[in-house]
Amino acid sequence: MTQRKTRVRFAPSPTGPLHIGGVRTALYNYLFAHQRGGELIFRIEDTDSTRFVPGAEAYITEAFKWLGITFDEGVGIGGNYGPYRQSERKDIYVKYVDQLLESGKAYVAFDTPEELNAKRESVKNFQYDAHTRGEMRNQLTLGDEETQRLIEAGEKYVVRFKVEPGEEIVVHDIIRGEVKVMSDILDDKVLYKSADNLPTYHLANIVDDHLMEVSHVIRGEEWLPSAPLHVLLYRAFGWTDTMPEFAHLPLLLKPDGKGKLSKRDGDRLGFPVFPLEWHGADGTVCSGYRESGYLPEAVINFLALLGWNPGTEQEILSMDDLVRLFDLEKCSKSGARFDYVKGLWFNREYLINTPDAQLAPAFMQILEGNGIHTTAERAAAVVGMMKMKKINFIADLWPMCDFFFTAPEAYTMDDKFTRKNWKEGTAAEMQALAQKLDGLNDFSVESQKAVIDAWAEATGIKPWNPWRVCLVGTGKGPDMYELAAFLGKDETLRRMQAAIAALPA
Ligand code: GLU
């Protein structure tokens with residue numbers, strides 16, 4: 001086969017929020033395109049008007065923007081193969097439907113939904129195919145003239161693909177190898193509906209992949225059953241030489257590995273299955289990775305490893321690493337368990353490795369929500385002191401960090417840490433420490449450390465835990481010098497005096 005330029009596409013139908021599995025599909029297309037110097041197309045498959053959901057397209061676009069998955073051409077971008085929204089390509093499809101009709105590879109059918117339902121009820125496992133099409137109301141039973149007359153009389157019709165029985169169909173799948181089926185199992189799929197003048201998914205998808213010179217179709221496993229029909233369509237059009245190569249990605253499975261991942265699993269176990277929060281017209285709200293506090297880089301890394309791995313121990317992989325290492329042929333055939341706990345781990349790893357200043361805005365937002373206004377520098381400083389503690393999200397910081405911004409409300413021996421560390425004589429020791437600190441002109445960590453470490457050594461006093469009681473009110477927080485330097489001398493001394501006054505001498 002001749003070497004073609006790598007052109008892949010992500011082609012969602014705007015029927016609701018994009019599922020996390022769809023995001024993984026887009027990501028694999030992105031990685032594949034980038035590592036081969038190819039192009040990634042963003043096409044909107046909106047020919048099923050009954051399933052169209054307003055806002056879905058905008059949602060999908062925003063999700064990819066957040067995730068850093070970019071497209072080279074398509075809806076909202078442009079390119080030489082447009083328009084890229086299928087509802088804007090109506091005229092193009094008509095031509096190809098006519099081509100199939102003229103060559104006898106498709107036929108017109110008038111069966112109403114009621115007639116089809118009646119048939120399905122009376123014939124067990126009814127399938128519209130070579131065995132049954134002779135009993136139905138279509139061009140083959142009515143003849144061309146009558147068909148033409150009915151069309152002109154305005155009767156609604158569909159165009160069906162005429163699947164010939166007894167043919168072996170081989171789908172060459174990069175991940176699954178050769179998938180063989182007999183054409184007999186396929187039905188005469190509807191390709192076009194006169195009611196809305198629109199093609200169905202199958203026709204539009206094939207015509208567009210052909211016209212847009214798509215070289216590889218990388219999509220979810222749920223589309224594998226459609227692939228034999230697609231191969232037949234390529235044959236019917238005479239396009240087999242330029243037929244794209246297929247790769248059907250493994251399903252995402254429930255966290256316990258039993259069955260397909262669903263939105264309900266997310267609700268039940270408390271993790272999102274959508275990239276962004278989604279507000280349905282019926283008032284339903286679906287949680288999103290963005291709003292739940294995940295970093296987009298962590299989501300990308302986590303998703304990339306669901307169904308593929310580099311074959312080494314390395315787990316933290318940037319987008320550049322992924323582009324370099326990704327191997328479509330090494331994707332697994334079997335489903336990938338959606339281990340959301342691993343997703344939390346990834347987020348934590350990325351939090352730790354993201355510069356504090358970059359995390360500050362998100363933390364500031366949480367502080368504001370708790371009535372605390374501070375500078376980006378101070379927010380970043382707290383993030384830096386605390387992010388190594390056991391947190392998965394920036395939001396986890398707040399309950400661990402209140403004391404940086406507000407003095408303890410009360411000092412009490414009811415607190416276990418206080419009771420354990422505030423003994424007879426402690427108040428006097430804290431008074432001595434306060435005096436030492438007061439004498440410092442430079443209140444930096446280094447300056448405090450030099451003076452206080454020496455003082456503790458000389459006197460044998462171990463001031464750390466009681467000092468923590470003074471500044472925090474209990475046994476949490478960062479290194480004491482760091483905390484005191486952050487609070488500044490005045491606030492440090494104020495809290496120490498408050499503790500000394502409140503707790504027993
Ligand atoms: N419109 C289909 C979807 O919603 C595209 C499937 C394909 O990639 O062929 O996923």
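The values are calculated or read from the model by the stated rules, or taken from the named source; none is laboratory data. Predicted, not measured: the structure shown is a model, and the values here were computed from it. With ideal geometry, Cβ positions are generated from the backbone for all residues, glycine too; neighbour counts draw on all protein chains shown. The protein model used for the area step is the full one, side chains on, heavy atoms only, and it has no ligands, DNA or RNA in it. Shrake-Rupley method; radii C 1.70, N 1.55, O 1.52, S 1.80 Å.
Values computed for the structure shown
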{"quantity": "Output for region 271-330, where each listed residue is part of a loop (DSSP other than H, G, I, E, B) and of a type in the set (F, W, Y)", "calculated": "F271, Y289, Y294, W308, F326"}
{"quantity": "Filter result (open to solvent by less than 70 Å² (accessible area, probe 1.4 Å), more than 15 Å from Y481 (Cα to Cα) and of a type in the set (D, E, K, R)) within region 408-467", "calculated": "D415, E429"}
{"quantity": "Some residue of region 316-339 being on the phi > 0 side of the Ramachandran plot and not polar (S, T, N, Q)", "calculated": "no"}
{"quantity": "Members of region 1-36 that are farther than 21 Å from L224 by Cα, assigned to a loop (DSSP other than H, G, I, E, B) and open to solvent by 50 Å² or more (accessible area, probe 1.4 Å)", "calculated": "M1, T2, Q3, R4, K5, R36"}
{"quantity": "Unique match (being at pLDDT below 95 and either within 16 Å of the ligand (Cβ to nearest atom) or on the phi < 0 side of the Ramachandran plot (or both)) among D187, D196, D173", "calculated": "D196"}
{"quantity": "Qualifying positions in region 237-263 - surrounded by fewer than 21 Cβ atoms within 10 Å (Cβ to Cβ) and touching a Leu at 6+ places or on another chain (Cβ under 7 Å)", "calculated": "L253, K254, P255, G259, K260"}
{"quantity": "The one condition in (1) open to solvent by 60 Å² or more (accessible area, probe 1.4 Å); (2) modelled with pLDDT under 95 that E315 fails to fulfil", "calculated": "(2)"}
{"quantity": "Scan of region 161-182 for residues that are surrounded by 17 or more Cβ atoms within 10 Å (Cβ to Cβ) and over 36 Å from the mean Cα position of the chain (by Cα), ordered by number", "calculated": "K162, V163"}
{"quantity": "Per-region count, region 291-342, residues among the small types (G, A, S) and farther than 24 Å from I394 by Cβ", "calculated": "6"}
{"quantity": "Residue match in region 371-387 (condition: open to solvent by 60 Å² or more (accessible area, probe 1.4 Å), touching a residue at least 40 places away in the same chain (Cβ under 8 Å) and touching a helix residue (DSSP H, G or I) at 6+ places or on another chain (Cβ under 9 Å))", "calculated": "yes"}
{"quantity": "Single match in E135, E145 (criterion: without any contact (Cβ under 8 Å) to a residue 24 or more places away in the chain and either crowded, with 18+ Cβ neighbours inside 10 Å or touching a helix residue (DSSP H, G or I) at 6+ places or on another chain (Cβ under 8 Å) (or both))", "calculated": "E135"}
{"quantity": "Set L232, L203: member being assigned to a helix (DSSP H, G or I), open to solvent by less than 10 Å² (accessible area, probe 1.4 Å) and within 16 Å of the ligand (Cβ to nearest atom)", "calculated": "L203"}
{"quantity": "Extreme residue, farthest from L359 (Cα to Cα), among residues of region 288-312 that are surrounded by 22 or more Cβ atoms within 10 Å (Cβ to Cβ), out of contact with any strand residue (DSSP E or B) (no Cβ under 7 Å at 6 or more places or on another chain) and not aliphatic (A, V, I, L, M)", "calculated": "W308"}
{"quantity": "Qualifying positions in region 206-229 - near the ligand (Cβ under 10 Å from one of its atoms) and in contact with a Phe, Trp or Tyr (Cβ under 7 Å, 6 or more places away or on another chain)", "calculated": "I206, V217, I218, A227"}
{"quantity": "Checklist (1) within 15 Å of the ligand (Cβ to nearest atom); (2) part of a strand (DSSP E or B) applied to A63, failing item", "calculated": "(2)"}
{"quantity": "T50 vs. criteria open to solvent by 70 Å² or more (accessible area, probe 1.4 Å), within 39 Å of the chain's Cα centre (by Cα) and farther than 17 Å from A11 by Cβ", "calculated": "yes"}
{"quantity": "Restricting region 235-264 to residues that are among the small types (G, A, S) and out of contact with any helix residue (DSSP H, G or I) (no Cβ under 7 Å at 6 or more places or on another chain), the residue that is farthest from the ligand (Cβ to nearest atom)", "calculated": "G257"}
{"quantity": "From the options V53, V23, V97, residue that is more than 16 Å from the ligand (Cβ to nearest atom) and β-branched (V, I, T)", "calculated": "V97"}
{"quantity": "Check on V285, in contact with a His (Cβ under 9 Å, 6 or more places away or on another chain) and either open to solvent by less than 10 Å² (accessible area, probe 1.4 Å) or not polar (S, T, N, Q) (or both)", "calculated": "yes"}
